[in-house]
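To keep things clear, I will list the structure first and then write my remarks on it.
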Amino acid sequence: MPLVNEQASRERPRFLISIDTEGDGIWWRPRTVETKNAAFLPRFQSLCEKYGLTPTYLTAYEMALSPVFREMALDVLKRHAGEIGMHLHAWHSPPDRSLTDADDIHHPYLVEYPLEVMRSKIAHLTDLLATAFGVKMVSHRSGRWSFSGTYARLLLEQGYRVDCSVTPHVSWQWTVGDPRRKGGTDYSDFPDRAYFVDPEDISRAGGSELLEVPVTIMPSAPRLRALVRGALPSTRLTASALDRILPVRWLRPNGRNLTHLLRIVDRAAAEHRRYVQCMLHSSELMPGGSPAFRTAGSIETLYEDLERLFEHATRFFDGATLAQFYGVVRTRTPA
């Protein structure tokens, strides 16, 4: 099965919003995970609805247990105003299985656990979410952006149809989970458009039913970046230098990058891309819930940027959840 044909449909392309819906301040690796940020999500949902956008809340274990989030999410589902998917933090999601001497500090990747532990963690959270929200889970993003062929096959076992763990042009190999292992997944040479995954090699299109929808990430100078990366040794130092000199730009608001966000949307529209995917963490919508947005003022700046981004993007793109986008792709792409 080929890469999804960007020209296959005359429908307007889709603006996807994926929210890693998780506890407060995961960056600081708290021993006790709180979910105060759930109370700040209705404002974001209202803004999305103002522009006809339908976010996908990729939900972690602790948020599935939050009465505040569950109340909001059930209302969103009832009104068909968004989607609930799965987001798995392996170190925190049952069944418990210690992998390191301090999993709450190291945050090991799910792909570092034994196969049966991976399977049981995926099954447990899938069942919990289905019970909590009364819908089958079909969309997923891994914790800490880790993915593998084994992971893809386990998602297919559970009936998942969409994954959005791939961050094209970005490598996590220098971001360590289990300190005895080699770090995260290297997505430097992965496609940056949607494709049906080959579980034998998740960097290429194949014949599975799992649609990979990479986050929208664009290198500032793709050919030069690829040339320089190929000429330099693969070390943490050279990777850091390359990112400073020839950065990649995410469709991810940080309070200081509105100009880049608008340019990404314009470039995607000019290239006739079938979708763009904007991502945020739920805790980034709460003052003090993340390193990027520590104050109420920074949250107001974020919402000003989101308003500008959504207004601009909806000139070219229509809203869709990940599952809705899968439906569009599946009907337009031959098996």
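Every number in this text was worked out from the coordinates using simple rules, so none of it is lab data. Fair warning: this is a prediction, and the values are worked out from it, not measured in the lab. Every residue, glycine as well, gets a Cβ built from its backbone with ideal geometry; the counts of neighbours run over all protein chains shown.
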Taking the chain and counting helices only, DSSP H stretches of n ≥ 4 at -39,500 (n - 2.57) each over all residues, the nearest-500 ellipticity at 222 nm comes to -11000 deg cm²/dmol
One finds, for residue 75 and residue 200 with R0 = 56 angstrom and r their Cβ-Cβ distance, a FRET efficiency to the nearest 0.05 of 0.85
Treating only Lys and Arg (+1) and Asp and Glu (-1) as charged, each at its beta carbon, one finds that the range 21-77 has a dipole about its Cα centre, in Debye to the nearest 20, of 140 debye
Log10 I(q)/I(0) at q = 0.16 Å⁻¹ for the chain, from Debye over equal alpha-carbon scatterers, is -1.66
Restricting to lysines and to Cα separations under 23 Å from residue 182, and discarding same-chain partners fewer than 8 apart, the set is 121
Ranked by GNM mean-square fluctuation in the chain (Cα springs under 10 Å), the top entry among 248, 197, 138 is 248
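Could you list 301, 131, 126 so that the one with the fewest beta carbons within 10 Å of its beta carbon is first and the one with the most is last? Don't jump to the answer; show the numbers that get you there.
Working: 301 16, 131 9, 126 20.
Sorted ascending by nearby Cβ count, the order is 131, 301, 126.
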Under 14 Å by backbone N from the virtual spin label 7 Å along Cα-to-Cβ at residue 271, the residues of the range 193-209 are 193-195
Fewest-first ordering of 278, 48 by Cβ atoms within 10 Å yields 48, 278
So, with points 7 Å from each Cα along the Cβ direction, the residue 242-residue 300 label distance in nm works out to 4.2 nm
Which of 318, 75, 186 fluctuates most in a GNM of the chain (C-alpha springs under 10 Å)? That residue is 75
Most exposed first, judged by fewest Cβ atoms within 10 angstrom, 19, 245 run 245, 19
